[in-house]
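To keep things clear, I will list the structure first and then write my remarks on it.
Computed from the coordinates by the stated procedures, all read-outs in this text should not be read as laboratory data. Since the model is a prediction, treat every value here as computed from it, not as a measurement. Cβ placement follows ideal geometry from the backbone for every residue including glycine, while neighbour counts extend to all protein chains displayed.
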Amino acid sequence: MKKMFVVFLGLVLLPAIAYADGFSVSKKSGDVTVKVSMENPVVGSNEIALELLGADGSPITDAKVELDYFMPSMPAMRYKVTAESRDGGYAAVLKLAMAGRWSVGVSFTRPGGEPEKITFSIDAK
């Protein structure tokens, strides 16, 4: 009986532990590295943190940063939010209406510069 309980706990807890790591991605656009992190995406409000790093690794804190996101299976359902400057980086809230795969674009423009963009996907539970 004790072994069955341990096996049951393992089956229940392992997926939760595997899912508990959160989400992060790092991508380059030209000489800028964009680092994105958030808790595992869920239906509802999700805070997302962004860092923009120059070629020398120093934070870029004077850019205008916008996120647009949509479900590839429903491209007409498109959302857009402007990130706010926070703690040497940027933060925004993505309001995910449904579970499933979402495509997220991060557009940023430095003063006097051209717009740049990276994209990535998240899976909301």
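What is the residue count in region 47-81 for residues that are under 17 Å from Thr119 (Cα atoms) and either in contact with a helix residue (DSSP H, G or I) (Cβ under 6 Å, 6 or more places away or on another chain) or among the polar types (S, T, N, Q) (or both)?
1
Does Asp56 count as surrounded by fewer than 17 Cβ atoms within 10 Å (Cβ to Cβ) and either more than 11 Å from Leu94 (Cβ to Cβ) or not acidic (Asp, Glu) (or both)? Full working, then the answer.
Working: surrounded by fewer than 17 Cβ atoms within 10 Å (Cβ to Cβ): yes; either more than 11 Å from Leu94 (Cβ to Cβ) or not acidic (Asp, Glu) (or both): yes.
Here the answer is yes, as Asp56 does meet what is asked.
Residue check: is Val43 touching a Phe, Trp or Tyr at 6+ places or on another chain (Cβ under 6 Å) and not basic (Lys, Arg)?
no
Report yes if some residue within region 62-70 is loosely packed, with under 13 Cβ neighbours inside 10 Å and part of a strand (DSSP E or B); otherwise report no.
Within region 62-70 (the criterion being loosely packed, with under 13 Cβ neighbours inside 10 Å and part of a strand (DSSP E or B)), the answer is no, since none of the residues qualifies.
Can you tell me which residue among Ser73, Ser121 is polar (S, T, N, Q), within 18 Å of the chain's Cα centre (by Cα) and surrounded by fewer than 15 Cβ atoms within 10 Å (Cβ to Cβ)? Working first, answer last.
Values: Ser73 fails: within 18 Å of the chain's Cα centre (by Cα).
Matching residue, one of Ser73, Ser121: Ser121.
Residue by residue through region 22-53, note down the ones that are part of a loop (DSSP other than H, G, I, E, B) and surrounded by fewer than 18 Cβ atoms within 10 Å (Cβ to Cβ).
Step one: filter region 22-53 for residues part of a loop (DSSP other than H, G, I, E, B), giving 22, 30-31, 39-43.
Gly22, Gly30, Asp31, Glu39, Asn40, Val42, Val43 - these are the residues of region 22-53 that are part of a loop (DSSP other than H, G, I, E, B) and surrounded by fewer than 18 Cβ atoms within 10 Å (Cβ to Cβ).
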